[in-house]
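See below for the structure under consideration.
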Amino acid sequence: MDEERVARQIAETEGISFDSGFPTEEFMVNMGPQHPSTHGVCRLLLSMDGENVKSVQPHIGYLHRAIEKICENRTYAQIVPYTDRFEYVTSMACNWVYCKAVEQLSNIEITERSEYIRVIMLELNRIASHLIFLGTFGLDLGAVTPFLYCLREREWIMDLYESVCGQRLLYNYIRIGGVSRDLPVGWEKKCIEFVDYFEPIIDDYEELLTYNPIFLTRTRNVGILPKDMAIDYACSGPVLRGSGVQWDLRVDDPFGVYDKFDFEIPTGTVGDTWDRYIVRIREMRQSSRIIRQAVEGLPEGTCVAKAKPTFKAPEGEYYQRLESSRGEIGCYVISKGEKKPWRVKLRGASYNHLMALPEICKGIKIADLVAIFASFDAVMPEVDR
Amino acid sequence: MSNSVNIDLLTSKFPGKVEKLELQPAQDAVLVDKSIIREFMQFLKDEKSLDLDYLFCLSAVDQEEYLEVVYHLGSTIEHYKLAVKVKLPSENPSIDTICDIYRAANWYEREIWELYGIDIINHPDLRLLLLPEDWNEGAPMRRGWTGSDFIIMPEP
Amino acid sequence: MGVISKLPVYFEQVPGGGIVTTQVETVLNWSRSSSLWYMLFGLACCAIEMMCTGASRYDLDRLGMIFRASPRQSDLMFVAGTVTHKMAPRVKLLYEQMSSPKYVLAMGGCATRGGPFYYDSYSVLKGVDRIIPVDAYIPGCPPRPESLIEGCLKIMEKIKQEKLADWSRDVKLG
């Protein structure tokens, strides 16, 4: 450590003995399940030597609600609201991954209007989720202002969602075979108004944080996740792209009509906290581009799902992957031809990211740990299910 | 994106222990014998022509007569997926760990140990992950399990 | 606290003393209900709605409520989200760490009675009132910010009806 070397040099010049015999020992600090910076109920057991963190041990399971056990005793249509609660910040993605898995299993075709509406809803949800990331990231580093601005923007998106499906947070909108109801009259115009208002606002956020010297000191070269470690731990989303791997399931394992839109996939270079932050900011801009193109090209037709409540999927199994705002989410559905599925396994992106956390947190300071944990943007229900 | 895994390479390298599975809907899947799972995974990781570097899911399924462990692997270079299944007996199931080959398997193996009762041989850190520290009611995800605070939904 | 707990008893025996206790009660209850500081205890989905209620549009600060991270500095605990068996001892510990007078608001279906996880779940505590006393319940999954504000107003009404003689009982229960 540099500080120790400098302190020894100063002690030598002043003639003081450095190892004055003051006993120090390692101690354990519990960053407990209730903590303003743990983004939910995660417990981190830290072994510390002064301000330096020697090791981090995450303990999870404080939000394990047994969703997979519940899904074994529910019909296919009854499971859709439970997938909302699997990852509540981007619940459109979770609805979509489960419905797409069942549609692939049962060979159900959906109309083009449904596909376009699903893309618009997911991209709006991606912007809403990244706004929460931005607000809480600033809050963890001590900047309280971005939090209030970001949540004010997010209220616009919640208004748009409320006029479509009646709910602000857990939508239950994407159903097996389509969506639950069509867009109301005038919704497309309001959506374009929001995108027109939002795109210049991203520049305001960048002005507040991105090249701020204090922000750069706290995030540049902090928590570097190397490329091969990120792939070995199966990280995904902005965490993997921040480390320099060009991997986005919208392009590499397509699940929707993304080939009809023109957008870029931002990647980082070094894999530090600043890269993971800037990837998300640029993704918000790309999402606005996609929404604009999708709304302008929205085809006519029906989009309402027509699956009956007593729907039975044929025998088989399928694993569907989807790019949500945190990374790759997956849904593995096994069916034996009855009206309830045999097994539903849900895979969240933050599970793998938390697995990689102990390895990159060796020999850092505790303030850096808060920044690294916030940059992973982990939500606990994805981890614990 | 329309290329698929070279399963003939796998069946020829491990004759008799690896067989190709036909699943509905069509996908790349193999059934592997439990005794060679470590060599198989090491081969998948090292073989340059396959490039299967991404283990994105590891789950267990209770099929009542037997248990199944399913590994889902992918490739960031070739863009294909492979499902690897292993059949285990319902009584005293056990399987070798692969978390030194693919580090992503670490917490997934702990999870199937505590929820299904599958013993993971040589795992570096086998502790309870999701369940409370004082859990003593067995493996809850097995079919037909009941416990102290478990209310089954009545049929309408 | 010993003097204050004995005063109402003496005052009530003096003719006209009831008026003094009522005035003191009104002032104290008004001051306590106008500045309820809540502890950030978001567990699951309701935590996001709690954050939205405290933020720009549905501002909780205009009711005098600001969030505190530590249980020692807060009066009100929003149990926002599902409580699991693993988390339940920690919830109880946090409740005991708050200092009297303290109030609990069970937000959402999960904290009230287990919510959608009542059936078929082996790890969910079916209602937070099995471990701590609750003052107000707010239904919804998740409840809208307006419902949360209504719940806070109900707790403020409850505080305004408290009597000074009950304080001594509160202090012993801790």
- prompt: Of all residues in the range B:1-50, which are under 23 Å from B:Cys99 (Cβ atoms), touching a strand residue (DSSP E or B) at 6+ places or on another chain (Cβ under 9 Å) and in a loop (DSSP other than H, G, I, E, B)?
  reply: B:Val5, B:Phe14, B:Lys17, B:Asp33, B:Leu50
- prompt: Given the conditions (1) in contact with a helix residue (DSSP H, G or I) (Cβ under 9 Å, 6 or more places away or on another chain); (2) among the small types (Gly, Ala, Ser); (3) at pLDDT below 90; (4) within 15 Å of C:Tyr38 (Cβ to Cβ), and given that C:Ala69 satisfies all but one, which numbered condition is not satisfied?
  reply: (1)
message: Checking A:Trp247 against (1) in a helix (DSSP H, G or I); (2) within 14 Å of another protein chain (Cβ to nearest Cβ): exactly one of these is not met. Which one?
response: (1)
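Only residues that are surrounded by 16 or more Cβ atoms within 10 Å (Cβ to Cβ) and either in contact (Cβ under 8 Å) with a residue 12 or more places away in the chain or in a loop (DSSP other than H, G, I, E, B) (or both): list them for the range A:225-240, please. Steps first, answer last, please.
Looking only at the range A:225-240, we keep the residues that are surrounded by 16 or more Cβ atoms within 10 Å (Cβ to Cβ), and these are A:225, A:229-240.
Result: A:Leu225, A:Met229, A:Ala230, A:Ile231, A:Tyr233, A:Ala234, A:Cys235, A:Ser236, A:Gly237, A:Pro238, A:Val239, A:Leu240.
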- request: Report the residue count in the range A:15-73 for those that are in contact with a Leu (Cβ under 8 Å, 6 or more places away or on another chain) and modelled with pLDDT under 85.
  value: 4
statement: B:Tyr102 fails exactly one of (1) under 20 Å from B:Leu9 (Cβ atoms); (2) away from every other protein chain (no Cβ under 13 Å); (3) part of a loop (DSSP other than H, G, I, E, B), namely (2)
- request: Please give the number of the condition A:Leu63 fails out of (1) within 12 Å of chain B (Cβ to nearest Cβ); (2) part of a loop (DSSP other than H, G, I, E, B); (3) surrounded by fewer than 17 Cβ atoms within 10 Å (Cβ to Cβ); (4) not hydroxyl-bearing (Ser, Thr, Tyr).
  value: (3)
- request: Scan the range C:2-19 and give yes if some residue there is in a helix (DSSP H, G or I), more than 10 Å from chain A (Cβ to nearest Cβ) and at pLDDT 85 or above, otherwise no.
  value: no
task: Inspect all residues belonging to the range C:25-39 and state whether any of them is aromatic (Phe, Trp, Tyr), surrounded by 15 or more Cβ atoms within 10 Å (Cβ to Cβ) and at the interface with another protein chain (Cβ under 7 Å from one of its Cβ atoms).
output: no
query: How many of the residues making up the range B:35-59 are more than 13 Å from every other protein chain (Cβ to nearest Cβ), among the basic types (Lys, Arg) and surrounded by 16 or more Cβ atoms within 10 Å (Cβ to Cβ)?
result: 1
query: Can you find even one residue in the range A:315-326 that is in contact (Cβ under 8 Å) with a residue 12 or more places away in the chain, among the aliphatic types (A, V, I, L, M) and within 11 Å of chain B (Cβ to nearest Cβ)?
result: no
- prompt: Being within 14 Å of another protein chain (Cβ to nearest Cβ), touching a Pro at 6+ places or on another chain (Cβ under 6 Å), surrounded by fewer than 22 Cβ atoms within 10 Å (Cβ to Cβ) and part of a helix (DSSP H, G or I), is that true of even one residue in the range A:70-89?
  reply: yes
field: Residue among B:Leu82, B:Leu31 that is within 24 Å of A:Pro314 (Cα to Cα), surrounded by fewer than 20 Cβ atoms within 10 Å (Cβ to Cβ) and of a type in the set (A, V, I, L, M, F, W, C)
entry: B:Leu31
So B:Ile98, is it at pLDDT 90 or above and either surrounded by 18 or more Cβ atoms within 10 Å (Cβ to Cβ) or not small (Gly, Ala, Ser) (or both): yes
message: Being among the charged types (D, E, K, R) and facing chain B (nearest Cβ under 9 Å) is the requirement here; does A:Arg347 meet it?
response: yes
task: Output the residues belonging to the range B:11-27 that are more than 11 Å from chain A (Cβ to nearest Cβ) and in contact with a helix residue (DSSP H, G or I) (Cβ under 8 Å, 6 or more places away or on another chain).
output: B:Lys13, B:Phe14, B:Lys17, B:Val18, B:Glu19, B:Lys20
task: Would you be able to say whether some residue in the range C:107-124 is away from chain B (no Cβ under 13 Å), under 23 Å from C:Cys52 (Cβ atoms) and of a type in the set (Phe, Trp, Tyr)?
output: no
- prompt: Is it true that B:Val5 is buried (at least 17 other Cβ atoms within 10 Å of the Cβ) and touching a helix residue (DSSP H, G or I) at 6+ places or on another chain (Cβ under 7 Å)?
  reply: no
- request: Inspect the range C:88-104 for any residue being in contact with a helix residue (DSSP H, G or I) (Cβ under 6 Å, 6 or more places away or on another chain), outside any loop (DSSP other than H, G, I, E, B) and more than 13 Å from chain A (Cβ to nearest Cβ) and give the result as yes or no.
  value: yes
message: If I filter the range A:357-374 for residues that are under 19 Å from the mean Cα position of the chain (by Cα) and either among the basic types (Lys, Arg) or within 14 Å of chain B (Cβ to nearest Cβ) (or both), do I get at least one hit?
response: yes
message: Looking at B:Ile77 and the list (1) aliphatic (A, V, I, L, M); (2) in contact with a helix residue (DSSP H, G or I) (Cβ under 7 Å, 6 or more places away or on another chain); (3) surrounded by fewer than 17 Cβ atoms within 10 Å (Cβ to Cβ), which single condition is not satisfied?
response: (2)
- prompt: Pick from the range A:141-170 the residues that are assigned to a helix (DSSP H, G or I) and touching a Pro at 6+ places or on another chain (Cβ under 8 Å): which of them is farthest from the other protein chains (Cβ to nearest Cβ)?
  reply: A:Val164
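Residues in the range A:197-219: is at least one farther than 18 Å from A:Gln286 by Cα, away from chain C (no Cβ under 14 Å), touching a residue at least 40 places away in the same chain (Cβ under 8 Å) and not in a helix (DSSP H, G or I)? Lay out the reasoning, then the answer.
Within the range A:197-219, the first condition is being farther than 18 Å from A:Gln286 by Cα, and the residues that meet it are A:207-209, A:211-219.
Checking which are away from chain C (no Cβ under 14 Å) leaves us with A:207-209, A:211-219.
Then keep just the ones that are touching a residue at least 40 places away in the same chain (Cβ under 8 Å); that gives A:208-209, A:215-216, A:218-219.
From the residues that got through so far, the ones that are not in a helix (DSSP H, G or I) too are none.
No, the range A:197-219 has no match at all.
Within the range B:77-92, can you find the residues that are part of a loop (DSSP other than H, G, I, E, B) and under 20 Å from B:Val18 (Cα atoms)? Don't jump to the end; show me each part of the working.
At the first step, the residues of the range B:77-92 found to be part of a loop (DSSP other than H, G, I, E, B) are B:77-80, B:90-92.
Hit for the range B:77-92 is B:Tyr80, nothing else.
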message: Whether any residue in the range C:146-165 is buried (at least 19 other Cβ atoms within 10 Å of the Cβ), away from chain B (no Cβ under 14 Å) and part of a loop (DSSP other than H, G, I, E, B) is what I want to check.
response: yes
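If you check A:Gly138 against the conditions, is it outside any loop (DSSP other than H, G, I, E, B), touching a residue at least 60 places away in the same chain (Cβ under 8 Å) and touching a Leu at 6+ places or on another chain (Cβ under 7 Å)? Outline the logic, then answer.
Details: outside any loop (DSSP other than H, G, I, E, B): yes; touching a residue at least 60 places away in the same chain (Cβ under 8 Å): yes; touching a Leu at 6+ places or on another chain (Cβ under 7 Å): yes.
Against the criterion (outside any loop (DSSP other than H, G, I, E, B), touching a residue at least 60 places away in the same chain (Cβ under 8 Å) and touching a Leu at 6+ places or on another chain (Cβ under 7 Å)), A:Gly138 qualifies.
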- prompt: Is the range C:65-85 home to any residue that is more than 21 Å from C:Tyr118 (Cα to Cα), touching a Ser or Thr at 6+ places or on another chain (Cβ under 6 Å) and either part of a loop (DSSP other than H, G, I, E, B) or touching a residue at least 12 places away in the same chain (Cβ under 8 Å) (or both)?
  reply: yes
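The values are calculated or read from the model by the stated rules, or taken from the named source; none is laboratory data. Keep in mind it's a predicted model, so treat the numbers as computed, not measured. Here the Cβ is made from the backbone with ideal geometry for all residues, glycine too, and neighbour counts use every protein chain on show.
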